[in-house]
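Below you'll find the structure, written out as structure tokens, and then a few comments.
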Amino acid sequence: MPKLKSILREFLEGEAAGGIILMAAAALALIVANSPLAETYFSALHAYLGPLSVSHWINDGLMAVFFLLVGLEIKREMLDGQLSTWPRRVLPGIAAAGGMVVPALVYVVINHDNAAALSGWAIPTATDIAFALGVLSLLGNRVPASLKIFLTALAIIDDLGAVIIIALFYTSGLSLAYLGAAFAVIAMLIVLNRMRVLTLVPYLVLGVVLWVLVLKSGVHATLAGVALALTIPLKVSPGTGHDLDHSPLHRLEHGLHKIVPFVVIPIFGFANAGVSLAGVSLAALVEPLTLGVAAGLVAGKLVGVFGSSALAIRLGFADLPANAGWLHLVGISLLCGIGFTMSLFIGLLAFASDVALQDAVKVGILAGSLIAALLGSAVLLSTTRGERDHERQDPLRISGAENFVDPADNEKATCKQ
């Protein structure tokens, strides 16, 4: 039997490949939305299948599966991965915080006099890990492996922040009856976990019930995926590696790693990236809403991620990733400005009843993400192997940096539940 790859390495490979497919799906959506097929494209999205439109089935249903995978990754990384200890959480955690706060501030400053647009303040706070890792995969070995791990950890914390933001700020019209029933189902899931039920079927059946209840409660239905994920048992088998057959979380995560990046996210991208560019001009690109999103993703992420990381390193709270220099960190900070999937999702929630504002958001996300990808790639391509050792000499006079450790090279032999 061939040796199983580490969870993290498979995750990186799957997300990178999924990111490339997502790029193709987004490009195809733009082409279709600006072709003679545009009317068919938009009509199909608004057609109803049962109680929901096709668009709602995608954004509320399929994306719940995406959030389920996000929740599984957050739990695994926190208990048995790159974020399992505080030293490993420090730099990506600080970088993620800076990368959420500063872009939001940039957006608010640009839209301070437009009350209607201010509800979209969270749009540029998210990083699209699939897109970002897809770009990194195209750069090959110019990027140290430690930076890919750093970006993955940062994006996972970023996703956790986005989930919290959606729950706190984009929930309205609560139904206490349905919400109470949803909490009762969550309690049942916790009981299953405590009873060490390792079969996935009861969790998934209750998960479907939970999704329906959350959908009717007024809380966004996708959060049911996160709640379900946090109740799935995680167990690491003793020995030299992970025994995936005995870990429900690992089994489910592996099953979703093909479905989400290669089916769910491309469908979401194709359904939501399509926007008519007929009326888009230079003047439209500098409209406060569009500019706020784009500037938040490019300038906000650069200042937020790099600035907070540099400050943490300067103060001795964290160290540069192994074999990486400051220019690498600048490039990665720029790539964090690729905010496609989660940014689009938050934009749809922020302006649910205004298609025109949604289109302006989409243009800002596409423009900002493209600029961030190109600038980040250019910076990383400008680095050479010879420069890496030189750049390791911290210009802020920090020495004794400790390396990031790939958990795949130091797997644990403990059991966690």
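Kindly flag which residue pairs out of K258/K301; K75/K148; K148/K362 have an alpha-carbon separation exceeding 25 Å in this structure.
Distance filter (> 25 Å) returns K258/K301; K148/K362.
Starting from the Kirkwood Rh over alpha-carbon pairs, what translational D in µm² s⁻¹ does the range 124-230 have by Stokes-Einstein at 10 °C and 1.306 mPa s?
99
Please work out, to two decimal places, the log10 of the ratio I(q)/I(0) at q = 0.17, 0.20, 0.22, 0.23 Å⁻¹ from a Debye calculation in which every Cα of the range 81-139 carries one identical scatterer.
-0.74, -0.86, -0.91, -0.94
How many percent of Cα pairs in the range 207-351 exceed 20 Å?
Summing the P(r) tail past 20 Å for the range 207-351 gives 70 percent.
Between K216 and S382, take the C-beta separation as r, use R0 = 41 Å, and let me know the FRET efficiency to the nearest 0.05.
0.20
R0 = 45 Å: FRET efficiency of F42 with V197, Cβ-based, nearest 0.05?
Using R0 = 45 Å, I get an efficiency of 0.50.
Using the Karplus equation 6.51 cos²θ - 1.76 cosθ + 1.60 (θ = phi - 60°), what ³J(HN,Hα) coupling, rounded to whole Hz, does each residue of the range 253-259 give in order, writing x for Gly and Pro?
So the Karplus estimates, Gly and Pro as x, are 4, 5, x, 7, 5, 9, 5 Hz.
Taking the alpha-carbon set of the range 157-293, what are its Rg and Dmax in Å?
According to the Cα coordinates of the range 157-293, Rg and Dmax are 19.5, 61 Å.
Between L28 and I259, 0.36 nm times their residue separation minus their Cα-Cα distance comes to what?
81.2 nm
Between F183 and S281, what is 0.36 nm times their sequence separation minus the Cα-Cα distance? Round to one decimal in nm.
Between F183 and S281, full extension yields an extra 30.5 nm.
Modelling each spin label as a point 7 Å along the Cα-to-Cβ direction, I'd like the D354/S35 distance in nm, to one decimal.
Result: 3.2 nm between the two label points.
Just to verify a number: what accessible area does R142 come out at with the full protein assembly present, 1.4 Å probe, Å² rounded to tens?
Result for R142: roughly 90 Å² accessible.
The values are calculated or read from the model by the stated rules, or taken from the named source; none is laboratory data. Since we're looking at a predicted model, the values are computed, not measured. Because the Cβ atoms are built from the backbone with ideal geometry, glycine has one as well, and the counts that use them run over all protein chains shown. We work out accessible area using only protein heavy atoms, side chains counted, and drop any ligands, DNA or RNA first. Shrake-Rupley method; radii C 1.70, N 1.55, O 1.52, S 1.80 Å.
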